[in-house]
Each structure stands twice: as structure tokens, then as C-alpha cells.
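Q: Please find one structure pasted underneath; my questions will follow.
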């Protein structure tokens, strides 16, 4: 039997708890907000974060600090945020690896559903197959033919274990019937540097970190993995057009808070971020470097995470990749 005293005690606890939460988020942010990027500088997530940080500075009235924490396929940075205080001052901006790694690693160190709250999706971009312009390879057909004739595996670099470029290369190997050596780097920046230095013949990265190098002629794009050709690279075909209709993939960036972060803080950060992403100049700048803005708030990001965690689990299972 519930007594009157018990009801009063429960009511008091609820009131005190609510007051404490309100006090914790009142006037937020009062200090700089740290955005952990679980990859090296120069990758798509880093590019996105830095392009919106100045707008967030203005909205917050506090610095939006971009901090790179690469390693373990992105797990180091993600776990750091999962274990951070749920006060809104340490947040995560992560790419598709966030939804891939729970299926790729035996012990990723986090649960994408239990350990985080979605704030908003930021943007998406297709991946791109790249070679140095001095290469004799000028099309996907030539790449596949060369790989089939070679007695050695074709080296293809990617931005990191479990990234969508990595998985794209694995699926290309299966669908083209070729043998490849998939070589993960610690971020798209280092991978692109290796391609520019002709350390390796072929690479697959997200479009944004490679966009400037493609436009300048420093790298050659053989194909992109989007549904359609990119608006300012009309001569670059899609993999669908190149004979691989099932090789459509995107790298998306999302913003997350540690589980337990007060709802009003999540909504405040989401609202401010969406306002930054709605600015016409920001939209154009992001498109110019290879991003399609996808600003849909907490519900939109939650739906994408629910969809992509099982989707990439199936891809990894079909590829026969060994768990890390």
C-alpha cells in the first residue's frame, strides 16, 4: 500500500530532481563546448565540423572547440564522449563509422543506442574512387581489367577500418571478382596524402576531403558512389553507371550527446546547429566541397541510426570480413 508520506516523498524527489536538471542546463553554455572528432584532421567529419564551428561560436556565445581523437577506427574518440559527463560540454561529431563499428568490432566500447542521444544529422556525401593523374587507369573498367590480369592483389587505401570507403572496396572485390588488399589509414587526410605521393595506386575516400584535389587535377576521380553524378563533376560517372548497380553508399556525419544529457540542452544544440546549416552561404560552401546538407534534428538522426546499424551489419556479414 502506498502511503501519503510515500507519495509526498516521491513528489518531493521529482521536484528536487527537476530543479537540479533545470539548474544544470540554465544559461547553457557558460563554458566552451568541445566537439570530439574521432578521426584525423582533413577527413570529411573534420571538414564538416570546422565549417560549422564559426556559426556555432556565434550561436553559443562560447567557443566551439574542434578536437581530433583518431584511433581504433574511430572508437577511441567515440568512447571518450560516451564516458564524458552528460552536461552538454563534450559532444561528438562522427561519420558512418559510428553505426558500422558495433558490427565490425567484437568490443567497440560503446552502444550506439544506449550510450548516446542523437542531436542532428549534419550532411552526407558520396564516396569516390581515386587514382593519381599519372596513372594509366582512367576508368573503372580499366581498373577491374588490370586487377584481374595482375598476379598480385590490387592495393586500395581507405580512410579507416569500417568506414564506408573501406566497405565499398570490400563489396567491389566481391562484385567485380577481383583480389584486393584493403589498406586502412588513420583518416582521409593521410590517405589522400599517400595517393598524392603515389605511395599506392588506388584509393577510396568520401568526396569532401578529395574534392579540392579532384577539381585542381591533383587527383583523378574514376567514379562516385552516389545515386547520381555530383553537380560540379558531371564527367565523373557513378559506380551504378560503371556496371555496379548495388554499390551505392554515402558517408554521413551526425552530432551526438552522451546519454543522460538534459533534453533542453540537446534541443538547444540541435536548434543552433540547424540554424547554422540553414544559412545559404553555409549550404553553398558545404556543397562546393562535396556535402549534401541533411539537417533533420534529433528524430531524423535517430531514424538514420536505426536504419544503418542493421544495414551495415548485413553488409559486413555478406563480405565475410573478419571482426576486429
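No value in this document is a laboratory result; all are computed from the given coordinates. Because the structure is predicted, anything quoted here is derived from the model rather than measured. Neighbour counts run over all protein chains shown; Cβ positions are idealised from the backbone, glycine included.
Q: Any idea what Rg and Dmax come out to for the chain if you just take the C-alpha atoms, in Å?
A: 21.7, 83
Q: Can I ask one more? Rounded to the nearest 5, what % of DSSP beta bridges with both residues in the chain are antiparallel? Mind dumping the intermediate values first?
A: Numbers: 23 of 39 bridges.
Close to 60 percent.
Q: Within the stretch 69-100, find all residues whose amide N lies under 18 Å from a label point positioned 7 Å from the Cα of residue 317 along Cα-to-beta-carbon.
A: Within reach of a label on residue 317, which here means backbone N under 18 Å from a point 7 Å along Cα→Cβ, the stretch 69-100 contributes 99-100.
Q: Spin-label point model (7 Å from Cα, Cβ direction): what's the residue 136 to residue 114 distance in nm?
A: Between residue 136 and residue 114, the simple spin-label model gives 5.5 nm.
Q: Here is a follow-up. Provide Rg and Dmax in Å for the stretch 126-224, with only Cα atoms included in the calculation.
A: Calculated on Cα positions, Rg and Dmax stand at 12.0, 34 Å.
Q: Alpha carbon centre of the stretch 308-324 versus the stretch 84-161: separation in Å?
A: 13 Å
Q: Please compute the contact order of the stretch 186-324 in relative form: average sequence separation of alpha-carbon pairs under 8 Å and at least six residues apart, divided by the residue count, as a percent.
A: 17 percent
Q: Expressed in nm to one decimal, what extension gain is obtained for the pair residue 284 and residue 241 from 0.36 nm per residue of sequence separation less their Cα-Cα distance? Numbers along the way, then the final one.
A: Details: separation 43, 0.36 × 43 = 15.48 nm, distance 2.67 nm.
Full extension of this stretch gives 12.8 nm more.
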